Amino acid sequence: MAKKQRSAGGTPATVALEAAGVAFTVHAYQHDPGAASYGGEAAELLGIAAERVFKTLVAEVDGRLTVGVVPVSGRLDLKALAGAVGGKRAAMADPAAAERSSGYVLGGISPLGQRRPLPTVVDATALDHPTVYVSAGRRGLEVELAPADLVALTGATVAPVGR
């Protein structure tokens, strides 16, 4: 995996990766605004198994915004997410709150380089792969990196939060 050089068109996610000195590769694809699933579209257009492409979802656990990172092939288990961060109840966050807190638009929310770092839980299956793909902070742009780097840079807990 090549280390991507800094460019003027970087996103907060790629800037954070560059600043950390982490090896990563950016993958761009032509996003279709009518696509039913952003992550599914990324997996299909990039020719990657859906189990290696992870979506970033913002939930509210006991009133506190929390990020869950799960494979696009599955769903976020809200009860497991709450348990992973020591909470009791979880629900998906209001989309506007997710965008405000992260600094990204829906479909392009990255777990990296968020405006306001939030508690993050990465699904344990990420560790089954040498590299995983997450949004690079824009629809049509994914970043590939080692799951250990994703966990380290986000300060994430690793737990089975996907189903």
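The values are calculated or read from the model by the stated rules, or taken from the named source; none is laboratory data. For clarity, every value in this text was computed on a predicted model and none was experimentally measured. All Cβ positions, even for glycine, are placed from backbone atoms using ideal geometry, and neighbour counts span all protein chains on display. All accessible areas refer to the heavy atoms of the entire protein, side chains included, with ligands and DNA or RNA removed. Shrake-Rupley method; radii C 1.70, N 1.55, O 1.52, S 1.80 Å.
In summary, strands (runs of 3 or more DSSP E) completely within the range 101-163 and bearing 3 or more residues that are within 14 Å of GLY68 (Cα to Cα) and touching a strand residue (DSSP E or B) at 6+ places or on another chain (Cβ under 6 Å) occur at 120-123, 157-159. The combined condition, being within 18 Å of PRO111 (Cβ to Cβ), touching an Asp or Glu at 6+ places or on another chain (Cβ under 9 Å) and polar (S, T, N, Q), is fulfilled by THR25. If a residue must be touching a Ser or Thr at 6+ places or on another chain (Cβ under 9 Å) and assigned to a helix (DSSP H, G or I), how many such residues does the range 71-97 contain? Result for the range 71-97: 3. Scanning the range 58-88 for residues that are in contact with a helix residue (DSSP H, G or I) (Cβ under 9 Å, 6 or more places away or on another chain) and either buried (at least 21 other Cβ atoms within 10 Å of the Cβ) or among the aromatic types (Phe, Trp, Tyr) (or both) returns VAL58, ALA59, VAL61, THR66, VAL67, GLY68, VAL69, VAL70, PRO71, VAL72.
Hey, could you check the range 33-50 for residues that are part of a helix (DSSP H, G or I) and in contact (Cβ under 8 Å) with a residue 24 or more places away in the chain and say which is nearest to the chain's Cα centre (by Cα)? Here the answer is GLY39. Checking every residue in the range 32-50 against the condition of being modelled with pLDDT under 95, open to solvent by 60 Å² or more (accessible area, probe 1.4 Å) and of a type in the set (S, T, N, Q) gives zero matches. Selection of first residues in the range 147-162 that are among the aliphatic types (A, V, I, L, M) and of second residues that are crowded, with 24+ Cβ neighbours inside 10 Å and assigned to a helix (DSSP H, G or I), restricted to Cβ pairs under 6 Å at least 6 apart or on distinct chains, gives the following pairs, ordered by first then second residue: ALA159/ALA84; VAL161/LEU81; VAL161/ALA84. Which pairs do you get when a residue that is under 12 Å from VAL122 (Cα atoms), found in the range 70-82, comes within reach of a residue that is among the aromatic types (Phe, Trp, Tyr) and open to solvent by less than 40 Å² (accessible area, probe 1.4 Å), reach meaning Cβ atoms under 9 angstrom, with the pair 6+ apart or on two chains? Close Cβ pairs (under 9 Å, with a partner that is among the aromatic types (Phe, Trp, Tyr) and open to solvent by less than 40 Å² (accessible area, probe 1.4 Å)) amount to VAL70/PHE54; PRO71/PHE54.
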